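To start, the structure under review is shown below, and the notes come after it.
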Amino acid sequence: MLEKEKLRKKYLNERSQISQTKIISWSKKIKNRFLQLPQLENAKKIMAYASMRKEIETFDLMEELLDRGYLVYLPYTRKDKIDLGIAQVNNLDLDLKEGVYGVQEPVARIRGQEIPKDLDLIIVPGACFTAEGYRIGYGGGYYDSFLSKHANNAIKVGFCYNRFLVDSIPVEDHDVPVDLIITEKEIVPTK
């Protein structure tokens, strides 16, 4: 755990140094690669995340997905259970407010629905990823808990800046790998 924490700090610190110009440019490339995925053709329900700080920007992507008729779900933190709930979002301006950890989350009035068992794609953030699909997140364990219970047949897609594709990280039994990683330079099917 100590090693993971050191790596998390290192990569998040490096990420905090990336210019906003690069974040915008790289995020656009990642969005365009995602929108070209063949897996989107038969997809209907997509779980995204609301980007914050220097994460890959997802708001333009979510607007585009909503415009194209996809059902978009966003997570909210359930601190009582160390788990994520999700809610379907129809309007990013009306359906989100700042929640736990300063992240934009679905407002209370749209929460409480069952988590769909038929999510098609889940976009997963992380501080870094390996070619095997493992990641270091933010240390709460929320995504691994959610993915182990609710990913079922969903394709898990990691969003990552190319410089944070790393050779190896410590992997624990509860870690859930993603199926694909999209960077500003490439789409990486995991091994």
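The values are calculated or read from the model by the stated rules, or taken from the named source; none is laboratory data. In this text, all values refer to a predicted model and were calculated from it rather than measured experimentally. Ideal geometry is used to build each Cβ from the backbone, glycine not excepted, and the neighbour counts take in all protein chains shown.
Do you know which of the residues in region 110-122 that are in contact with a strand residue (DSSP E or B) (Cβ under 9 Å, 6 or more places away or on another chain) and surrounded by fewer than 22 Cβ atoms within 10 Å (Cβ to Cβ) is nearest to Tyr11 (Cα to Cα)? My answer is Asp120. So, in region 136-162, of the ones that are surrounded by 15 or more Cβ atoms within 10 Å (Cβ to Cβ) and of a type in the set (D, E, K, R), which residue ends up farthest from Tyr73 (Cα to Cα)? Ranking the qualifying residues of region 136-162, first place goes to Asp144.
For region 71-116, a residue qualifies if it is in a loop (DSSP other than H, G, I, E, B) and under 16 Å from the mean Cα position of the chain (by Cα), and exactly one does: Val103. Checking each residue in region 36-59 for being more than 18 Å from Thr183 (Cβ to Cβ), among the charged types (D, E, K, R) and modelled with pLDDT of 95 or more picks out Lys44, Lys45. Taken as a whole, the condition of being free of Cβ contacts under 8 Å to residues at least 60 places away in the same chain, exposed (fewer than 15 other Cβ atoms within 10 Å of the Cβ) and in contact with a helix residue (DSSP H, G or I) (Cβ under 7 Å, 6 or more places away or on another chain) applies to Asp60. Considering Tyr76, Tyr70, the condition of being among the aromatic types (Phe, Trp, Tyr), more than 20 Å from Ile181 (Cα to Cα), surrounded by 15 or more Cβ atoms within 10 Å (Cβ to Cβ) and at pLDDT below 95 is satisfied by Tyr76 alone.
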